[in-house]
Every structure is written in C-alpha cells, then in structure tokens.
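Asks: Sending over a structure as structure tokens; questions will come in a sec.
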Amino acid sequence: MKKLLRRVRQVVQWTAALFFGTTILAVVVLKFFPVYYTPLMFIRLFQLDEPRITHTWVPLSEMSPKMPLAVMASEDARFASHHGFDFEAIKAAAERNARHPEKNKLGASTISQQTAKNVFLWPGRSWLRKGLEAYFTVLIELLWSKERIMEVYLNSIETAPGVYGVQAVAREHFGCDASQLSAEQCALIAATLPNPRRFSSKSPSPYMKKRQRWILNNMRYVEPL
C-alpha cells in the first residue's frame, strides 16, 4: 500500500511539474513570437458553413491608436490599471444578474482574461475552463506587458465568421490596413466583439450604430496604454 501511495504521489508530482513547466514555457515563448493560430480558429472551422481562417498578424505599432481605446471602451475600461481581473465589474455583474435572473447573464471578463482564453484555451463555461483561464490570466499579467496583451488580443479576436484580428477585418470590411482605420471604424469593430458571428461591422444594424456611438463617447474617458 505504501509503495502504491508513493507511486501515485510521484505521478502527481511529475504531472504537476510537466503542466506548470509547459504552460509557463508557452507563455514565455509567446511573449516574443506572433500568435498565428489559436484553438478557437480550428474549432470554428467545424462550425462554419464555409470553413476558412483569414488572419494576418501585425504589430500594435501598425494599428490605429484608436483601436485599443475602442476595445477598452467597449470591453474593459480599466484594462490599463487592473492586474487581470476587474473586481468592481465582477461585483456589478453579480448584483445585476441577481436582480434580473430572467435576463441573459452579464459577464465581466477583462481583455486579459479574453486573451488567455483565446490563445491557450477553448470556448465554454465549465469550471475547469474558467479555472484554467484564471491561471493563464495571472501568467500573462506577470510575464507580458499590457501592450503585449493588447497586441495579442487585437490579433487573435474573432471579428467576423472565419476572420481573426484587426488587420484581417480592416481589409475585408473597410478595404484598408489596420493603421488606417478611423475612430468610427474602430468603434464599429469593437461593437461587434460580443458576438462577431451575429453582428457585422460591414453591414451594421441600427443597434450596432447605437453601440458605435456609445463606444465613441466612452473612448474619451479611457486611460490609454
């Protein structure tokens, strides 16, 4: 029995060492190298009627400076100052969900959390996935700069069915490069992010235009990187 317990302990220790070693190494490597493909891209291939992956990596310096402001205004206004988790937003979302349980659940994922999920994990709401998301969020906040997190986020987000990153959607929907996007176009792209397979920055609905105006107004109050 003692031998069995010792063997189990060794297996657990080696498994933990392998997990932490490989995940930390992956985060360190991606601090310096472009992220060309993510798990989400391959998952979506099996969900699209016309499978495709349209993606072009560009550095943050080659994007419109309005693009980070737009996604912060839309998704995570305190991105520049928090350390991966916005506890004020989490509290507000929990209180709202408790008051209105009949409505769709309001989330409070930060840009850091979304980056961790997009690059290292898969979509879903399981406790395992959420736990791993928190773990990778802590890692990237510790090992990456805020600028690097934003750069990876803006290159990996789904911006239309089969389209990933700001450069790809700029070319597909606006016929320009990411560096040439106007504030209005950046706000429109940011407005689609809750569900880019439903909302389009190419053919925006009245609801999308309303969100665009709201984001443009909020961009004036966002703390820049």
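Asks: Can you confirm whether L25 is surrounded by 12 or more Cβ atoms within 10 Å (Cβ to Cβ) and of a type in the set (A, V, I, L, M, F, W, C)?
Replies: No; evaluated as a whole, the condition is false for this residue.
Asks: Tell me which residues, restricted to the stretch 177-224, are touching a His at 6+ places or on another chain (Cβ under 7 Å) and open to solvent by 50 Å² or more (accessible area, probe 1.4 Å).
Replies: K202
Asks: Within the stretch 93-110, is there a residue that is at pLDDT below 95, open to solvent by 30 Å² or more (accessible area, probe 1.4 Å) and under 21 Å from C186 (Cα atoms)?
Replies: Checked the stretch 93-110: at least one residue is at pLDDT below 95, open to solvent by 30 Å² or more (accessible area, probe 1.4 Å) and under 21 Å from C186 (Cα atoms).
Asks: May I pose another question? Which residues, counting only those in the stretch 30-57, are at pLDDT 90 or above and exposed (fewer than 10 other Cβ atoms within 10 Å of the Cβ)?
Replies: Result: F32, F33.
Asks: Got at least one residue in the stretch 26-35 being of a type in the set (G, A, S), in contact with a helix residue (DSSP H, G or I) (Cβ under 8 Å, 6 or more places away or on another chain) and under 30 Å from N195 (Cα atoms)?
Replies: Yes, some residue in the stretch 26-35 is of a type in the set (G, A, S), in contact with a helix residue (DSSP H, G or I) (Cβ under 8 Å, 6 or more places away or on another chain) and under 30 Å from N195 (Cα atoms).
Asks: Step by step: first the residues of the stretch 1-22, then only those that are open to solvent by less than 90 Å² (accessible area, probe 1.4 Å) and not hydrophobic (A, V, I, L, M, F, W, C), then the one that is farthest from W122 (Cα to Cα). Which residue is that?
Replies: Q10
Asks: In addition: Look at A168 and say whether it is surrounded by 21 or more Cβ atoms within 10 Å (Cβ to Cβ) and in contact with a strand residue (DSSP E or B) (Cβ under 7 Å, 6 or more places away or on another chain).
Replies: Yes; evaluated as a whole, the condition is true for this residue.
Asks: Which count do you get for residues in the stretch 76-91 that are touching an Asp or Glu at 6+ places or on another chain (Cβ under 9 Å) and in a helix (DSSP H, G or I)?
Replies: 1
Asks: Residues of the stretch 137-160 being over 21 Å from L181 (Cβ atoms), surrounded by fewer than 22 Cβ atoms within 10 Å (Cβ to Cβ) and touching a Lys or Arg at 6+ places or on another chain (Cβ under 9 Å), which ones?
Replies: L143, W144, S145
Asks: Looking at A168, A187, can you tell me which residue is closer than 15 Å to L60 by Cα and either basic (K, R) or modelled with pLDDT of 95 or more (or both)?
Replies: Answer to the selection: A168.
Asks: Scan the stretch 190-207 and report the pairs whose first residue is under 19 Å from I111 (Cα atoms) and whose second residue is surrounded by 11 or more Cβ atoms within 10 Å (Cβ to Cβ) and among the aromatic types (F, W, Y), with Cβ atoms within less than 7 Å and a gap of 6+ or a chain change.
Replies: Filtered contacts from the stretch 190-207: A191/F199; T192/F199.
Asks: Could you please find all residues in the stretch 151-170 being over 17 Å from L121 (Cα atoms) and among the aliphatic types (A, V, I, L, M)?
Replies: A160, V163, V166, A168, V169, A170
The values are calculated or read from the model by the stated rules, or taken from the named source; none is laboratory data. These numbers were taken from a predicted model, which means no experiment stands behind them. Backbone-built Cβ (ideal geometry, glycine too); neighbour counts: all protein chains shown. Surface areas here come from the heavy atoms of the whole protein model, side chains and all, with no ligands, DNA or RNA. Shrake-Rupley method; radii C 1.70, N 1.55, O 1.52, S 1.80 Å.
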